[in-house]
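To keep things clear, I will list the structure first and then write my remarks on it.
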Amino acid sequence: MDNKEHEYLTKEKYEELVRELDNLKKVKRKEVAESLEYAKSLGDLSENAEYQEAREWQANIEDRIAKLESILKSAEIVSSYHGDIVSIGSTVTIQKKGETTNKVFKVVGSEEADMNAGKLSNRSPIGAAMMGKKKGETFSYSAPNGIINCKIIDVK
């Protein structure tokens, strides 16, 4: 039995993944089937690059469908958290020790993580280190260049 942790998603991300899954099943599978049929019509499958490419495309789509189904099955939808303890859905302002600038992150599930958009996974080293902490508390995490110490400036 798989003891995989829950996948935490916002309602918006959950709906986005449902739409993607629906598109893969209803549209992309049909496109792949048509591609395979066309490639088969070209003759010898052992040396047919179009056929091999279509099979690879089919495998990628089926892998993504399986991954999405697994994510959605274990998904726990979280809403924006409005408390003083860092949890999934919190928007956290932190300051690294020795720096004067603050950084703001939204703590999200790993499927939604996007550092460029300021969305930090709860499973990342920094995300895991700040979980459960309150405004004013300090925490540290291990980064490639050593241990980083931070202070939580605000939690929304």
Quiz item: Using a Gaussian network for the chain with springs between C-alpha atoms less than 10 Å apart, which of these wobbles most: Val86, Val78, Val107?
Solution: Val78
Quiz item: Cross-link partners among lysines for Lys133, C-alpha distance below 26 Å, same-chain residues fewer than 8 apart left out?
Solution: Lys4, Lys11, Lys13, Lys96, Lys97, Lys103, Lys106, Lys119, Lys151, Lys156
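Take the eigenvalues of the Cα gyration tensor for the chain, scale each by 5, and report the square roots as semi-axes in whole Å, largest first.
Values: eigenvalues 375, 61, 31 Å².
Over the Cα atoms of the chain, the ellipsoid semi-axes are 43, 18, 12 Å.
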Quiz item: Taking every DSSP beta bridge that has both residues in the stretch 1-116, what percent is antiparallel when rounded to the nearest 5?
Solution: 50
Practice problem: Return the distance in nm (one decimal) between the two label points of a simple spin-label model at Thr93 and Arg123, each offset 7 Å from Cα along Cα→Cβ. | Solution: 3.1
Quiz item: Calculated from DSSP H runs of 4 or more alone, at -39500 (n - 2.57) each and per residue, what is the 222 nm mean residue ellipticity of the chain, nearest 500?
Solution: -12000 deg cm²/dmol
Self-check item: Distance (nanometres) between label positions extended 7 Å along Cα→Cβ at Arg55 and Asp22
Solution: 3.4
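None of the figures in this text is laboratory data; all of them are computed from the coordinates on show. Here the structure is a predicted model, which is why all the values come from computation and not from measurement. Here Cβ is always computed from backbone atoms with ideal geometry, including for glycine, and neighbour counts include all displayed protein chains.
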